[in-house]
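S.K.: One structure is given below, represented as structure tokens, and several questions about it will come after.
The values are calculated or read from the model by the stated rules, or taken from the named source; none is laboratory data. Since this is a predicted model, take the numbers as computed values, not measurements. Neighbour counts are summed over all protein chains in view; Cβ atoms, including those assigned to glycine, are modelled from backbone coordinates with ideal geometry. SASA here: full protein model, heavy atoms, side chains in, ligands and nucleic acids out. Shrake-Rupley method; radii C 1.70, N 1.55, O 1.52, S 1.80 Å.
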Amino acid sequence: MRAFGVGIGTPFRVFIRDRAMKKILWIVGRIPSPLFSGDALYSAGILTALSRTGQTEVTVVGCRREDAPVDDRLLRLPGTVFPEAPWPRRLGIRSLLTSSPRDAYCLAPPSIGTTLAELLNQRWDWIVFDHARSGALLPMVLKQRKRASICYLAHNAEGKIRPAIANDFTNPLRRAIMRWDAEKYRRLEQRIVDAADSILCITDADAAYFAQPGKTTFVVPPIYLGAAAPSDRIESTRPKSILLLGSFEWVAKQRNLEHIIGTLLPPLKRQNVTLDVVGNVPEDIKARYAHERPHLVFHGPVADLANVLARSRAGLVAETLGGGFKLKLLDYAFARLPIFGLRAAVDGTTADEQSAMYLADTMDDLAKTIVDGIDDLAGLNRNQTKLFELMSNRFGLEQGTRRLHDILVERAGAAP
């Protein structure tokens, strides 16, 4: 088994290293690289926080997201290794003949099984299933776990959100296929929850969804890994631009994007407000809306967001499908951008944090909220300042490191 890289350098030891190192086997469907999507950013934040404790040895097993090397920022994490990750080549349609949902089937190729079987010969304190889509490997783990405790890192309440996504499709055949896949996701998620000794999730709502007698559930908010913008003011010279960050490869996110454009863009155009979309967008969707330039601009993935953030007046969070905490909230807040959004789309934020956002209950009301607020520079600056302070206190790396230390280092994994 060849490793891509071993974390090097001296870990930032927030805690005194007076206990034995915890060995953690981290099973993730997709390696969290590149750091462009919300699920990748959440996993990368958790792994980064663990590495900072100085008390963990983490081995991360999963497939590549794309046919490219793992991000150097992950490879440099102290005490963290990434055995060689394959590029999954399974045909998703074959999952229809199995009990696994499409994602889980595609992300458990034989090469991953071989690597995992070898690693399970070792002794582990914790075995973590990162996202439900990693659960196809659960039967192998349960047979060979020895005395390891199992932790489930839940990104979403899959059994709740996926049926809603399936029901949004109007094509009967597509809807039936999506419903069957959603049901398989629900069953897989439940099997992982049943096997888990501890469950980590992002929001209080998800914690309530997963709560079961005898299960220990922890809320672990996302951890922001980027740099905070220096104090700045939004001036009248800044373009009237609303920024939408995201990765639009998942069908639910494509549906969200189409809904946002269809409902918000017409009133924004009338007020000469531009919608800037940053992230992977399928070519057919970009072609369909090409005539909307310059009021709708697709920028694709942007390695350095500083420039596009600096020329935006606000960030947008308006998803109606998919559920869960939106990591783009942190990008906006730490860049000192005000946030316009749907109230239902900012799940996982507090009442205080929401008081510093511009929120509406419907897409039509949101359009009016944007039009009414985009030129209120005093209000935009007041809200961005308050939101930055609130988010900094809850989603910083130091806070996340302490949470993970208490959950996976202080608490017992396998017996010695």
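S.K.: Please work out which one of (1) touching a Lys or Arg at 6+ places or on another chain (Cβ under 9 Å); (2) surrounded by fewer than 17 Cβ atoms within 10 Å (Cβ to Cβ) is the condition P338 fails and give its number.
M.R.: Against the list (1) touching a Lys or Arg at 6+ places or on another chain (Cβ under 9 Å); (2) surrounded by fewer than 17 Cβ atoms within 10 Å (Cβ to Cβ), P338 comes up short only on (2).
S.K.: Taking only the stretch 88-127 into account, find how many residues are of a type outside the set (S, T, N, Q), open to solvent by 20 Å² or more (accessible area, probe 1.4 Å) and over 20 Å from D181 (Cβ atoms).
M.R.: The number of residues fulfilling the criteria is 4.
S.K.: Considering only residues that are modelled with pLDDT of 90 or more and either over 25 Å from L257 (Cβ atoms) or among the small types (G, A, S) (or both), which ones fall in the stretch 342-359? Working first, answer last.
M.R.: Going through the stretch 342-359, the residues modelled with pLDDT of 90 or more turn out to be 342-346, 349-359.
Across the stretch 342-359, the qualifying residues are A344, A345, T350, A351, D352, S355, A356.
S.K.: For the stretch 41-67, give me each residue that is within 22 Å of L330 (Cβ to Cβ), small (G, A, S) and without any contact (Cβ under 8 Å) to a residue 60 or more places away in the chain.
M.R.: S51
S.K.: Separate question: Give, as residue ranges, the strands (runs of 3 or more DSSP E) completely inside the stretch 77-159 that count at least 1 residues that are in the same structural domain as Y185 (by the TED database), among the hydroxyl-bearing types (S, T, Y) and under 15 Å from I199 (Cα atoms). Walk me through it before giving the result.
M.R.: Numbers: elements: 80-83, 126-130, 149-153.
Correct list: 149-153.
S.K.: Give me the pairs: first residue in the stretch 284-296 and part of a loop (DSSP other than H, G, I, E, B), second residue surrounded by 10 or more Cβ atoms within 10 Å (Cβ to Cβ) and of a type in the set (K, R), beta-carbon distance under 8 Å, and six or more apart or on different chains, which are they?
M.R.: Listed by first residue and then by second, the contacts come to H295/K269.
S.K.: Can I ask one more? Please tell me if G79 is of a type in the set (G, A, S), over 22 Å from the mean Cα position of the chain (by Cα) and open to solvent by 30 Å² or more (accessible area, probe 1.4 Å). Steps first, please.
M.R.: On the way: of a type in the set (G, A, S): yes; over 22 Å from the mean Cα position of the chain (by Cα): yes; open to solvent by 30 Å² or more (accessible area, probe 1.4 Å): yes.
Yes, satisfied.
S.K.: Same structure again: When the residues of the stretch 206-218 are narrowed to those that are in a helix (DSSP H, G or I) and aromatic (F, W, Y), which ends up most open to solvent (accessible area, probe 1.4 Å)?
M.R.: In the first step, residues of the stretch 206-218 are kept if they are in a helix (DSSP H, G or I); the result is 206-210.
Narrowing the set further to residues that are aromatic (F, W, Y) leaves 209-210.
Numbers: Y209: 88, F210: 6 Å².
Here the answer is Y209.
S.K.: Please state which one of S247, S236, S231 is at pLDDT 90 or above and small (G, A, S).
M.R.: Values: S247 fails: at pLDDT 90 or above; S231 fails: at pLDDT 90 or above.
Result: S236 is the single residue among S247, S236, S231 that is at pLDDT 90 or above and small (G, A, S).
Conditions tested, residue by residue: (1) touching a helix residue (DSSP H, G or I) at 6+ places or on another chain (Cβ under 9 Å); (2) not assigned by the TED database to the domain that holds D376.
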{"residue": "D204", "(1), (2)": "no, yes"}
{"residue": "Y209", "(1), (2)": "yes, yes"}
{"residue": "Q212", "(1), (2)": "yes, yes"}
{"residue": "G246", "(1), (2)": "yes, no"}
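S.K.: Test of understanding: among S43, S37, S95, which residue is modelled with pLDDT of 85 or more and not aromatic (F, W, Y)? Walk me through it before giving the result.
M.R.: Numbers: S37 fails: modelled with pLDDT of 85 or more; S95 fails: modelled with pLDDT of 85 or more.
Only one candidate qualifies: S43.
S.K.: Can I ask one more? Quick one: how many residues across the stretch 219-238 are small (G, A, S) and open to solvent by less than 80 Å² (accessible area, probe 1.4 Å)?
M.R.: Filtering the stretch 219-238 for residues small (G, A, S) gives 226-229, 231, 236.
Then drop every residue that is not open to solvent by less than 80 Å² (accessible area, probe 1.4 Å), which leaves 226, 228-229.
Result for the stretch 219-238: 3.
S.K.: Show me the helices (runs of 4 or more DSSP H) entirely contained within the stretch 308-416 in which 2 or more residues are in contact with a strand residue (DSSP E or B) (Cβ under 6 Å, 6 or more places away or on another chain) and not aromatic (F, W, Y).
M.R.: Filter on the stretch 308-416 gives 328-334, 363-373.
S.K.: Do we have any residue at all in the stretch 262-275 that's closer than 19 Å to S37 by Cα and touching a residue at least 60 places away in the same chain (Cβ under 8 Å)?
M.R.: No, the stretch 262-275 contains no residue that is closer than 19 Å to S37 by Cα and touching a residue at least 60 places away in the same chain (Cβ under 8 Å).
S.K.: Then there is this: Going by the structure shown, is S198 of a type in the set (S, T, Y), over 17 Å from the mean Cα position of the chain (by Cα), in the same structural domain as A166 (by the TED database) and modelled with pLDDT of 90 or more? If you could, list the steps in order and put the result at the bottom.
M.R.: Numbers: of a type in the set (S, T, Y): yes; over 17 Å from the mean Cα position of the chain (by Cα): yes; in the same structural domain as A166 (by the TED database): yes; modelled with pLDDT of 90 or more: yes.
When the stated conditions are applied, S198 passes them.
S.K.: Counting only residues that are free of Cβ contacts under 8 Å to residues at least 60 places away in the same chain and among the hydroxyl-bearing types (S, T, Y), which one in the stretch 146-205 is surrounded by the most Cβ atoms within 10 Å (Cβ to Cβ)?
M.R.: Looking at the filtered set, the residue picked out is Y152.
S.K.: Evaluate the following for K368: is it in contact (Cβ under 8 Å) with a residue 60 or more places away in the chain, of a type outside the set (A, V, I, L, M, F, W, C) and more than 30 Å from A196 (Cα to Cα)?
M.R.: Spelling it out, K368 is indeed in contact (Cβ under 8 Å) with a residue 60 or more places away in the chain, of a type outside the set (A, V, I, L, M, F, W, C) and more than 30 Å from A196 (Cα to Cα).
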